[in-house]
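> Just passing along the structure, written as structure tokens.
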Amino acid sequence: AARTEDKRQATQLAEARRAERLDVMREFIQLTQQGIRLAEDRYEAPDWSSGCTPEWLAAARALIERLWICERMILVLVGPELHRLAWDYAGAVNHVLWEDLGGPEAAWDHLRGPMNVFLNAAHGELG
């Protein structure tokens, strides 16, 4: 009976940890998507500088702060391999928010690689 109880507790703990990993990856993906949308908003402005309104700037700063925290939580909850990929992807999102890459197509080109590598690795982690 004690062994059965130990196994049940181990299973519950494993399920809880998987749920934590899933939650942090979901939050990270949501935050990166919000960052991409903010970058798109800036590219839709008449020019790069005018897209940086006080409201946009406040939203971008708040988002990037949350994104970096979530990226670090991936290290804590998942491990260094996925964290490195999350760091690369978050860095690419950060870059398209603050640097004019010449247009939305160039921004997508900059994001596509790190995004796909991270998403594929996250799928493998949860698979």
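> If you go through the stretch 50-72 one residue at a time, do you hit one that is among the hydroxyl-bearing types (Ser, Thr, Tyr) and more than 19 Å from Ala107 (Cβ to Cβ)?
Our first condition is that a residue be among the hydroxyl-bearing types (Ser, Thr, Tyr); within the stretch 50-72, this holds for 50, 53.
Now restrict to residues that are more than 19 Å from Ala107 (Cβ to Cβ): none.
Checking the stretch 50-72: not a single residue is among the hydroxyl-bearing types (Ser, Thr, Tyr) and more than 19 Å from Ala107 (Cβ to Cβ).
> Can you tell me which residue in the stretch 79-102 is farthest from Trp68 (Cα to Cα), limited to those that are of a type in the set (Gly, Ala, Ser) and buried (at least 19 other Cβ atoms within 10 Å of the Cβ)? Walk me through it before giving the result.
Residues of the stretch 79-102 of a type in the set (Gly, Ala, Ser): 79, 86, 90-92, 102.
In the following step, the residues that additionally are buried (at least 19 other Cβ atoms within 10 Å of the Cβ) were identified as 86, 90, 92.
Values: Ala86: 9, Ala90: 7, Ala92: 12 Å.
Checking each candidate, the answer is Ala92.
Matching residues to (1) closer than 22 Å to Met115 by Cβ; (2) under 10 Å from the mean Cα position of the chain (by Cα); (3) of a type in the set (Gly, Ala, Ser):
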site: Phe28; (1), (2), (3): yes, yes, no
site: Ile36; (1), (2), (3): yes, no, no
site: Pro54; (1), (2), (3): no, no, no
site: Leu63; (1), (2), (3): yes, no, no
site: Leu67; (1), (2), (3): yes, yes, no
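> Restrict the check to the stretch 45-60 and report whether at least one residue is in contact with a Phe, Trp or Tyr (Cβ under 9 Å, 6 or more places away or on another chain) and touching a residue at least 40 places away in the same chain (Cβ under 8 Å).
So far as the stretch 45-60 goes, no, none of its residues is in contact with a Phe, Trp or Tyr (Cβ under 9 Å, 6 or more places away or on another chain) and touching a residue at least 40 places away in the same chain (Cβ under 8 Å).
> Out of all the residues in the stretch 103-124, which are open to solvent by 70 Å² or more (accessible area, probe 1.4 Å) and of a type outside the set (Val, Ile, Thr)? Explain how you work it out, then say what you get.
Looking only at the stretch 103-124, we keep the residues that are open to solvent by 70 Å² or more (accessible area, probe 1.4 Å), and these are 105, 108-109, 112, 117, 120, 123.
Of everything in the stretch 103-124, those that are open to solvent by 70 Å² or more (accessible area, probe 1.4 Å) and of a type outside the set (Val, Ile, Thr) turn out to be Glu105, Trp108, Asp109, Arg112, Asn120, His123.
> Scan the stretch 1-23 and report the pairs whose first residue is open to solvent by 70 Å² or more (accessible area, probe 1.4 Å) and whose second residue is assigned to a helix (DSSP H, G or I), with Cβ atoms within less than 7 Å and a gap of 6+ or a chain change.
Hits for this filter: Glu20/Leu77.
> Filter the stretch 94-127 for residues that are in a helix (DSSP H, G or I), of a type in the set (Asp, Glu) and over 30 Å from Ala19 (Cα atoms) and give the result. Walk me through it before giving the result.
Let us first name the residues in the stretch 94-127 that are in a helix (DSSP H, G or I), namely 94-98, 104-126.
Checking the rest, the ones that are also of a type in the set (Asp, Glu) come to 105, 109, 125.
Within the stretch 94-127, Glu105, Asp109 qualify.
> Given the conditions (1) surrounded by 17 or more Cβ atoms within 10 Å (Cβ to Cβ); (2) touching a Lys or Arg at 6+ places or on another chain (Cβ under 8 Å), and given that Trp48 satisfies all but one, which numbered condition is not satisfied?
Trp48 satisfies all of (1) surrounded by 17 or more Cβ atoms within 10 Å (Cβ to Cβ); (2) touching a Lys or Arg at 6+ places or on another chain (Cβ under 8 Å) except (1).
> Can you name the condition, by its number, that Ala86 falls short on among (1) assigned to a helix (DSSP H, G or I); (2) over 13 Å from Phe118 (Cβ atoms)?
Condition (2) is where Ala86 drops out.
The values are calculated or read from the model by the stated rules, or taken from the named source; none is laboratory data. Predicted model, so just to flag it, every value in this text is computed and none were measured. Note that each Cβ is placed from the backbone with ideal geometry, even for glycine, and that neighbours are counted across all protein chains shown. Accessible surface areas use protein heavy atoms only, side chains included; no ligands, DNA or RNA. Shrake-Rupley method; radii C 1.70, N 1.55, O 1.52, S 1.80 Å.
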